[in-house]
1. Looking at A:ALA167, A:ALA129, A:ALA156, can you tell me which residue is within 20 Å of the chain's Cα centre (by Cα), within 13 Å of another protein chain (Cβ to nearest Cβ) and over 26 Å from B:ASP12 (Cα atoms)?
2. Mind checking which pairs have a first residue in the range A:260-288 that is at the interface with chain B (Cβ under 10 Å from one of its Cβ atoms) and surrounded by fewer than 24 Cβ atoms within 10 Å (Cβ to Cβ) and a second that is among the aliphatic types (A, V, I, L, M) and part of a helix (DSSP H, G or I), Cβ under 7 Å, 6 or more apart or different chains?
3. Take the range B:153-176 and flag every residue that is touching a Ser or Thr at 6+ places or on another chain (Cβ under 9 Å) and more than 9 Å from chain A (Cβ to nearest Cβ).
4. What number of residues in the range A:289-311 are surrounded by 21 or more Cβ atoms within 10 Å (Cβ to Cβ), facing another protein chain (nearest Cβ under 7 Å) and more than 15 Å from B:THR229 (Cβ to Cβ)?
5. For C:SER248, are the conditions met, namely being part of a loop (DSSP other than H, G, I, E, B), of a type in the set (Gly, Ala, Ser) and buried (at least 22 other Cβ atoms within 10 Å of the Cβ)?
6. When the range C:68-99 is examined, which residues are found to be within 13 Å of C:MET120 (Cα to Cα) and within 13 Å of chain B (Cβ to nearest Cβ)?
7. Tell me, which residue of the range C:311-350 that is over 21 Å from the mean Cα position of the chain (by Cα) and not in a helix (DSSP H, G or I) is nearest to C:ALA294 (Cα to Cα)?
8. Tell me which strands (runs of 3 or more DSSP E) are completely within the range A:229-325 and hold 1 or more residues being within 22 Å of B:ASN34 (Cβ to Cβ) and under 23 Å from the mean Cα position of the chain (by Cα), or say none if there are none.
Amino acid sequence: MAKGIWIIVEQTKLEIRKVSLELLSQARTIADKTGEPLVAVILGKGIADLAKTVAEYGADKVILVDDDKLADYTTGAYTSALNKIIRKEEPQAVLLGNTAIGKDLAPRLAHRLGVGMASDCTGMEYDEANFLTFKRPIYGGKAFAEVTANARPILATIRPNTFPVVAKASQPEVVNETAEIDAADLRAIVKEIALVASARPELIEANVIISGGRGMKGPENYVILEACADVIGAAVGASRAAVDAGWIEQKFQVGQTGKTVSPTLYIACGISGAIQHLAGMGSSKVIVAINKDPEANIFTLADYGIVGDLFEIVPLLTEEFKKLG
Amino acid sequence: MNIVVSLKQTFDTEAKIVLTGGKIDATGVNVVINPYDEFAIEEALKLKEKFGGEVTVVSVGGDKVEASIRTALAMGCDQGVLVNDPTLENVDEWAVAEILAKAVAQIPYDLILAGRIAVDDGSSQVAVRLADSLNLPSVSSILKLDIEGDKATVVREIDGGTETLELSIPAVLTAQKGLNEPRYPSMMGIMKAKKKELKVLTLADLGISAADVASKMSAPKFSLPTPRTAGKKMSGEPAEQAAELAKLLREEAKVI
Amino acid sequence: MKFELNDDHIMMRKMVRDFAEEEVKPGAEERDEEEKFPMDLWKKCGELGLAGVTFPEEYNGVGADYISYAITIEELSRVDASLGVTISAHSSLCANPIYKFGTEAQKQKYLAPLATGEKMGAFGLTESLAGSDASGTRTTAVKVGDEYIINGSKIFITNGYYADTYVITAQMDKSKGNKGIAAFILEKGTPGFTFGKKEKKMGIRSSATYELVFEDVHIPAENLLGEEGQGFKIAMTTLDFGRIGIASQALGIAQGAYEEALKYSKERSQFGMTLSQMPVIQFKLADMAIQIEAARLLVYQACYMADQHLPVSKYSAMAKAFAGDTANFVTSEAVQILGGYGYTRDYPVERMMRDAKITQIYEGTNEIQRVVVAANILKD
């Protein structure tokens, strides 16, 4: 009896994260090959309507776990609830996005279940023997490790932007499960959530990122990148040099001690291409470098390069993007 | 207040990765304390300065790890525990967490701190698993920590913002960059470090058999990425270069 | 015979290098340009124990050996020779003579705060008419009651103006020549003790170099260092050990310039190959590396002599002369490898080449070092 591929669907303020749709889309292809049902699991408070959203991405079944205690994510409550349901239903595999929540929840859940886990994967293949083989970057993308699980369920977090979102309508069975949460798992209480309102996409999920480094020369100049970002719907990032200089907040840092990103297009402005930075953006599909130093390391791996003054080039480029519409 | 810091030794982030016989080759590579673990050490030392108590550094690894523990002792930690066992060659995160849990259980603690991720395998699992093994609450990726009595208030990084949580201690907290600025070990600290206790334990010392920590994951198969190569450089006046780039991104790369 | 550093030395080198890379290097170019003394970095050096490496714990020092001290100066000078000499002059030329010749009371009062970096030290020996030849000392000390009254001036004093504690020499009896010289501990702020000209220098521009002026400066008798007439011996002993610091500084400058050149030669392409693929550049790099390794061994040997309480004079003079010449050779070659870029202030080798020159001049010119070496090898 097939037990299913489960996607733990992540929602922020009742909005489903894009990475969850990416996982549903990719897992659908595996479900088709194996006959395993594709199950979307949604936890939260007042989430009934989200079942309709996942139905657009091919889920065979939706498990809703609706509870006051799950309104805000906490490690303990989510682990407790999922552990019980997974033990009961025994899925083949449980996949999460490698988001702030996924990174925190998946290892705790894995340990509770007594299984292994593959973190931050950028590849996932089906084969009969292992069911799933994961490929994950290590040493900041300087190498890859391929792993499979010796125990069931298989658990993994997948890096955002690894798989495309493919819409596929389905009529899933919707099941409500009760959240059984142990008191011991309620020892952390969320007091406040401060989301920074931004019209720009979240760095780790953005399709396009425009980043500025040491060449930005100061905090006041990021407006140049922001203007460009807003034309093409990009997120703004930074190198460690710029963050350490205090020009931009640490949360914008891309690199080995910052965020690891995998956008379709990464535009590096005034970034020399230090190895730590490359570790954070090396899996980008297309890399553009704008730097006044023709010897800058970033040019050795950029798909497109402009040797020039970013203060001149970026505004020109912004205008060109506007023309493209 | 007694604090345990879970430490991992990693390659320097500048290190070039070489595969020899299908394995990651550590020959000639500079090893350091995982940069995120330095934030955990610093936070532990700040708490010790405020509340008193002892900071114990615990690690799982080979002989070389002693140097990293000594560095933590030079920064001001009080003692170190290293679980060093020849059978630990290919353990996974599950096993490391179980071993740490056994080692930590022998130390009095009010708080456990660790880095939010190790820059080598980047798995972000062990500290959270350790919390589960010890049945403690945990919060990942903290940017701020205040402790009053047995209550901790933490600010943690979430996607798109921050979150403030309250929890009881003992707990496991993982440090994100921004929590503090790690200190350098001082010359005096370095001189004192060699007199501090560094206990080396085997699995048998912890009552663990090799079978107890059999991997839940397959041994990883390593590969190196195909190196990216330099692409096209634009030419002409700046305006022409910008126009050419926009055109290529739209028509050739199809990413805009 | 063991050619390896111990675990403490390795950890110290890493610590000072991390500190130097992260905190010292970023502002080095600007400080050089603006001749700005880095009081903040001095404070941080003190907190890290870099101001009192070789002094015992009972005087708030670190209690480490001379190798540790050499590593400290070398690593600081690798990114900023100005900070290197600030620490070297403070430790070797002020704290060390107090440690070696001071009374217990003097050590408690002056050495302890110097060792922690709470106070900064300087050394006043050189005068306009007494450079390599100390017998030209014109500054005078006269004993009146339980005080000495000092008159005269000193020039080219490293850490002048910023230092709190000064060890100075003065002539008490000209008829006795060098044997008439005495050494004193002088506090900043003592009436009559002022600062004259600030030197505008070719290199080590962010280190402070001032003239000290003494006009009827009253020093309590208890601040006599050693005995009357012992001043010249104190100065010479001080320089014997001080040269370890300058040799380490020179070594650090050379190492820094070599690393810059090595990195550049791997990145820069001409004629379709990187500079590092060209035999002519490879030979330059090899020569630089050979000189540096030889200098390092000499410096560490001088440290070994000091740590074993063996005669240090010959080895520290050899090390200082050789490392100073090495720094000048290596920085010049580094500028050559970087070519036009190396000659500009966009790259640090230009500053390093200017900084290197002084290591052949101060704390005894390299000619004087050869005099010292010759005297040592001929006396047997």
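The values are calculated or read from the model by the stated rules, or taken from the named source; none is laboratory data. Just so we're clear, the structure is a prediction, and the values are computed from it rather than from any experiment. Neighbour counts are summed over all protein chains in view; Cβ atoms, including those assigned to glycine, are modelled from backbone coordinates with ideal geometry.
1. Working: A:ALA167 fails: within 13 Å of another protein chain (Cβ to nearest Cβ); A:ALA129 fails: within 20 Å of the chain's Cα centre (by Cα).
It is A:ALA156.
2. From residues that are at the interface with chain B (Cβ under 10 Å from one of its Cβ atoms) and surrounded by fewer than 24 Cβ atoms within 10 Å (Cβ to Cβ), the pairs are A:LEU265/B:LEU249.
3. B:VAL172, B:LEU173, B:ALA175, listed by residue number.
4. 1
5. Details: part of a loop (DSSP other than H, G, I, E, B): no; of a type in the set (Gly, Ala, Ser): yes; buried (at least 22 other Cβ atoms within 10 Å of the Cβ): yes.
Here the answer is no, as C:SER248 does not meet what is asked.
6. Of everything in the range C:68-99, those that are within 13 Å of C:MET120 (Cα to Cα) and within 13 Å of chain B (Cβ to nearest Cβ) turn out to be C:ILE87, C:SER91.
7. C:TYR347
8. Details: elements: A:235-238, A:265-269, A:286-291, A:304-307.
Per the criteria, no element qualifies.
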